1. Hey, what number do you get for the chain at 222 nm if only DSSP H runs of n ≥ 4 count, each worth -39500 (n - 2.57), divided across all residues, to the nearest 500?
2. Within a Cβ distance under 9 Å of LEU135, other residues only, what is the Lys/Arg minus Asp/Glu net charge?
3. Starting from the 7 Å offset along Cα-to-Cβ, what nm value, one decimal, do you get for the label separation of ILE107 and ASP65?
4. Would you mind working out the accessible area per residue for the chain, using a 1.4 Å probe, and quoting it in Å²?
5. Under 5 Å between amide hydrogens, which residues at least 5 positions from PHE137 or on another chain qualify, with H placed 1.01 Å from N in the peptide plane?
6. Sorting TYR265, TYR150, TYR215 by accessible area (1.4 Å probe), largest first, what list results?
7. Distance between Cα centroids, the range 96-118 to the range 1-74: provide it in whole Å.
8. From the phi angles alone, apply the Karplus equation (6.51, -1.76, 1.60; θ = phi - 60°) to the range 108-115 and give each ³J(HN,Hα) in whole Hz, x where the residue is Gly or Pro.
Amino acid sequence: MTLSEDKISALSELLHQPRQQIVIVAHTNPDGDAVGSSLAWAEALRTMGHQVTCVVPNKHPYFLDWMNGLEEMVIFKTDEEGRAEAAVRDADLIFCLDFNSLSRLEILSELIARNTTAKRVLIDHHLSPDEGFDLMFSYPTSSSTCFLVYSLIERLFGVETISKRMAESLYVGMMTDTGNFAFSFLTPELFRAVAVLIERGISVPEIHNNVYNAYTEGRARLFGYAINRKMQLIEDGTVAYMSLMENEMRRFGFQQGDSEGFVNYALTIKKMKMSAMFVAQRKFIRVSLRSRGDVDVNVFARKYFNGGGHKNAAGGKSFVSMRETIDHYIRSVHEFKEEGGLG
């Protein structure tokens with residue numbers, strides 16, 4: 001990944017304007033990469049004297065509660081004091097982290113759209129970003145937005161400016177978005193960045209334990225239920241799907257983030273090529289897709305579920321019933337296979 005010199009210069013010029021009001025926004029259902037990149041980038045900007053507010057549409061998963069700086073993040077859905085609205089209204093700069101379209105902000109998108117004077121800067125690693133940003137750092141070959149933010153900090157300020165707190169935030173995103181360093185784009189540059197973060201004082205075992213060994217008993221039992229009762233295999237065992245209805249999740253005391261990672265489990269089966277997870281929400285069904293090798297679920301998500309993402313990790317939405325969603329998925333997989341999408 002090579003950052004554009006022209007874009008680095010343009011960003012530097014924007015940031016060297018004296019004391020600005022800056023808002024950082026990340027996507028709905030913020031994960032480790034969205035939260036980590038936001039917190040680290042906010043701290044970097046504050047060292048320049050800027051006033052920075054981090055805003056997310058809704059709450060992060062509970063297993064990220066330990067992260068330093070979360071108390072400063074404004075959750076728009078529960079923001080009774082209007083802090084988000086005031087910050088966005090007065091913003092000179094709006095940084096959009098870890099999403100490629102304002103629609104990913106859902107309930108927050110309208111608020112962002114109201115500010116027509118602030119410069120908008122995209123920092124993201126998803127495919128096919130929308131237009132409408134004044135400056136774009138869109139690098140799909142970056143393993144995470146946190147690695148992209150690290151690279152920007154390295155170029156603009158130097159790695160010596162990375163505090164232990166920033167390093168922890170950056171490592172969370174790098175770790176979670178690569179499946180604990182098991183997915184694509186595991187470059188030498190990424191591991192050199194990890195080495196720097198360790199030099200800044202982070203404890204890799206402690207962070208891993210905080211994120212991956214902090215689930216509730218209900219989540220563990222829900223996982224067993226989903227794998228044993230809900231996982232279905234089709235296309236001669238090369239494609240899988242699972243579904244969870246709201247009443248099923250309530251039985252296990254479901255909390256935000258509890259189903260994270262479920263969709264990956266089917267890919268541990270030797271000949272599995274593609275996996276899907278359907279989770280019922282109040283107004284729609286959230287679709288998560290994962291694949292191995294050359295099976296491009298970004299293409300699949302865009303064609304069949306009005307979504308997108310990465311080649312091996314993507315998502316979308318369905319606005320029909322669960323039964324209809326699953327039937328649509330099965331038909332779509334068959335069509336995708338006929339077109340050569342499953343190899």
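1. Dividing the helical sum by the residues of the chain leaves -11000 deg cm²/dmol.
2. Net charge in that neighbourhood comes out at +2.
3. Distance between the two pseudo-spin positions: 2.0 nm.
4. Working: 15550 Å² over 343 residues.
The answer is 45 Å² per residue.
5. LEU122, ILE123, ASP124
6. From most exposed to least exposed: TYR265, TYR215, TYR150.
7. That distance is 14 Å.
8. Here the 3J(HN,Hα) series is 8, 4, 5, 5, 5, 5, 5, 7 Hz.
The values are calculated or read from the model by the stated rules, or taken from the named source; none is laboratory data. For clarity, every value in this text was computed on a predicted model and none was experimentally measured. Neighbour counts are summed over all protein chains in view; Cβ atoms, including those assigned to glycine, are modelled from backbone coordinates with ideal geometry. These area figures cover heavy atoms from the full protein model, side chains too; ligands, DNA and RNA do not enter into them. Shrake-Rupley method; radii C 1.70, N 1.55, O 1.52, S 1.80 Å.
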